[in-house]
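These notes concern the structure reproduced below.
The values are calculated or read from the model by the stated rules, or taken from the named source; none is laboratory data. Note that the coordinates shown come from a computational prediction; the quantities given were computed from them, not determined experimentally. Positions of Cβ are backbone-derived with ideal geometry, glycine not excepted, and every protein chain shown enters the neighbour counts.
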Amino acid sequence: MNNNLDGAPLTEDLTKLEDNRHLLALKKAYHQIEVPMDAVERLKDTIHEANAKKRRRSWFQGSVTILAAACLCIVFLLNSSATIAQAMSRIPGLGGLFEAVTFRHYENSTDDYYAKVDIPKIVYYGMDESESITAVNQEIKGYVERLIAKFESDIKVDGSIHQSMEVTYHVILNNDHWFSLRIDVVEAIASSYEHTLFYHIDKSTGEMIQLKDMFLESSDYTSVISEEIKRQMKENIKNGTDVYLLGDDDNNVDDFMIDKNQSFYINDSQDIVIHFDDYEIAPGSEGSKDFVISKDVVKDILK
């Protein structure tokens, strides 16, 4: 009995010793494994790429944060100081900064008449205001103030006259090259009339751009555009979608010709769009008319 009890610890010790010998054998076999050098290099490359991605992700996240903060600072500075805005816009790469602001707001209404007018002014932070921009601002101001004066004269003569006038504006293009402002005037007495003004500025010069400035001086752009508009008119007449009043005869488009500085704008597809006001080429019920002139039509005569 005592011999069996005394032998139990010995058995446990022998078992532990055998386990240790087994572990030592496994360790020795592990260290004797030969790893190919190309596998070692691939492992090193994998570890290096993982670390590089981590650094790039950290840099990108930090850069986005810094860029967002910088943009907020620029916006704050531009809106807080015209002097700072002018100085910043002279920095190479920033370019001229154009915007349209409300120069004057006019509102006058009763139960019989209504007027709401915003007179815009083009502001350019980047250089001294060019003569062209000054002239445009003066033209806009003078034109709209004459509308206001006429409106006030009409209601002074007859305060019960049912009359309305609204003048609005918005920027329709503001890219690296152009700044375009659209002004819409809607007047109504017995019937309504809408008139639209477009102003386009070349940012590199600060000068106004008219339709003729889009084309080579030697080109007959008025004929090229007029022929395309006549083609579209005839197609619309054939389809019964439009009616035109040109000269003495309805829908007689053969002698149609645009003015050399016809109103126009550039659409989202970068095509020229020729614009006609109410009653200009169609009955008032038809409203204003726009004709898209594809780049393919004028590509050979564009500057």
Hey, does the range 101-115 have a residue that's assigned to a helix (DSSP H, G or I), among the hydroxyl-bearing types (Ser, Thr, Tyr), surrounded by 11 or more Cβ atoms within 10 Å (Cβ to Cβ) and under 26 Å from the mean Cα position of the chain (by Cα)? no
Unique match (being in the same structural domain as residue 123 (by TED's automatic domain parsing), touching a Gly at 6+ places or on another chain (Cβ under 7 Å) and within 30 Å of residue 175 (Cβ to Cβ)) among 278, 213: 278
Number of the exception - residue 160 against (1) outside any strand (DSSP E or B); (2) within 19 Å of residue 117 (Cβ to Cβ); (3) touching an Asp or Glu at 6+ places or on another chain (Cβ under 6 Å): (2)
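Of these, 256, 264, which one is in contact with a helix residue (DSSP H, G or I) (Cβ under 7 Å, 6 or more places away or on another chain) and crowded, with 17+ Cβ neighbours inside 10 Å? Working first, answer last.
Numbers: 256 fails: crowded, with 17+ Cβ neighbours inside 10 Å.
Answer to the check: 264.
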Name the one entry in 175, 137 that is exposed (fewer than 12 other Cβ atoms within 10 Å of the Cβ) and free of Cβ contacts under 8 Å to residues at least 60 places away in the same chain. 175
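Quick one: which of 258, 281 is of a type in the set (Val, Ile, Thr) and over 30 Å from residue 100 (Cα atoms)?
Working: 258 fails: over 30 Å from residue 100 (Cα atoms).
Of 258, 281, the one residue that is of a type in the set (Val, Ile, Thr) and over 30 Å from residue 100 (Cα atoms) is 281.
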